[in-house]
1. Relative to the present Cα-Cα distance, how much length would full extension add between Gln22 and Val45 at 0.36 nm per residue of separation?
2. Which aspartates and glutamates, if any, have their Cα less than 13 Å from the Cα of Lys32, not counting same-chain residues under 8 positions apart?
3. How do Met38, Met51 line up, fewest other C-beta atoms within 10 Å first?
4. Cβ neighbours within 10 Å, averaged per peptide: list 17-24, 40-47, 28-35 in order, most packed at the top.
5. Which of Thr13, Thr37 comes first, and how do the rest follow, when ranked by fewest Cβ neighbours within 10 Å?
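Read-outs throughout are calculated quantities, based only on the coordinates presented, and are distinct from any laboratory measurement. For clarity, every value in this text was computed on a predicted model and none was experimentally measured. We place every Cβ from the backbone using ideal geometry, glycine too, and count neighbours over all the protein chains shown.
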Amino acid sequence: MRPVYRKRGEMPTKFMQSLDPQVYAELRKIAKERGITMQELIRAVIVPDWMGKDESKDGAGRSPRRSRTIRSASKRLRAKITA
């Protein structure tokens, strides 16, 4: 069975994630306890939970990376102003 995408030829974006060995071991243990694969755990449990938490914060819809970048730039700017 092939996945169905909204637009013809549209494919989901792929990404690679590096995990600390201890984090990996814990996630693997959780996946095994649930009887699912690591990929299923990340796709069906972790990412949706993370997205829900991100949307519940102020600035819903912004990417966490962009929010951190904006905060870091803001801190650097404030440091220059006060120096």
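1. Numbers: separation 23, 0.36 × 23 = 8.28 nm, distance 1.89 nm.
Length gained, Gln22 through Val45: 6.4 nm.
2. Result set, ordered by chain and number: Glu40.
3. In order of increasing Cβ crowding within 10 Å: Met51, Met38.
4. So the peptides 17-24, 40-47, 28-35, ranked by packing, come out 40-47, 28-35, 17-24.
5. Numbers: Thr13 4, Thr37 13.
The fewest-first ordering by Cβ neighbours comes to Thr13, Thr37.
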